[in-house]
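Heads up, the thing below is written out as structure tokens.
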Amino acid sequence: MSLLKDIFGRKKQIKCAVCGEAIQNDFKTKYLKLNGCFGLYMLHYECDKKVKKMEAEL
């Protein structure tokens, strides 16, 4: 995580793409299509479970 903070700057917070809360040490990267944009996003493990559940319902 410190490498990511070095890249993005120490004062900025990295936020989850799903819930918008700050990401600490427990995160996952995943390719998602959000708002019409397909890309690699960082999200919490709990948010990843929510996304998987929503995909299964479709």
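The values are calculated or read from the model by the stated rules, or taken from the named source; none is laboratory data. Just so it is clear, the model here is predicted, and its values are computed rather than measured. Methodologically, a virtual Cβ is constructed for each residue, glycine included, from the backbone with ideal geometry; neighbour enumeration extends over all protein chains shown.
Would you confirm, using the coordinates I've provided, whether Lys53 is surrounded by 10 or more Cβ atoms within 10 Å (Cβ to Cβ) and at pLDDT 90 or above? The answer is no for Lys53. Considering segment 28-46, the residues that are under 8 Å from the mean Cα position of the chain (by Cα) and either assigned to a helix (DSSP H, G or I) or touching a residue at least 24 places away in the same chain (Cβ under 8 Å) (or both) include one that is surrounded by the most Cβ atoms within 10 Å (Cβ to Cβ), namely Leu43.
Each row is one residue, and each column tells you yes or no for (1) of a type outside the set (Phe, Trp, Tyr); (2) farther than 23 Å from Leu3 by Cα.
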position	(1), (2)
Cys16	yes, no
Cys19	yes, no
Phe27	no, no
Tyr31	no, no
Phe38	no, yes
Tyr45	no, no
Lys50	yes, yes
Met54	yes, yes
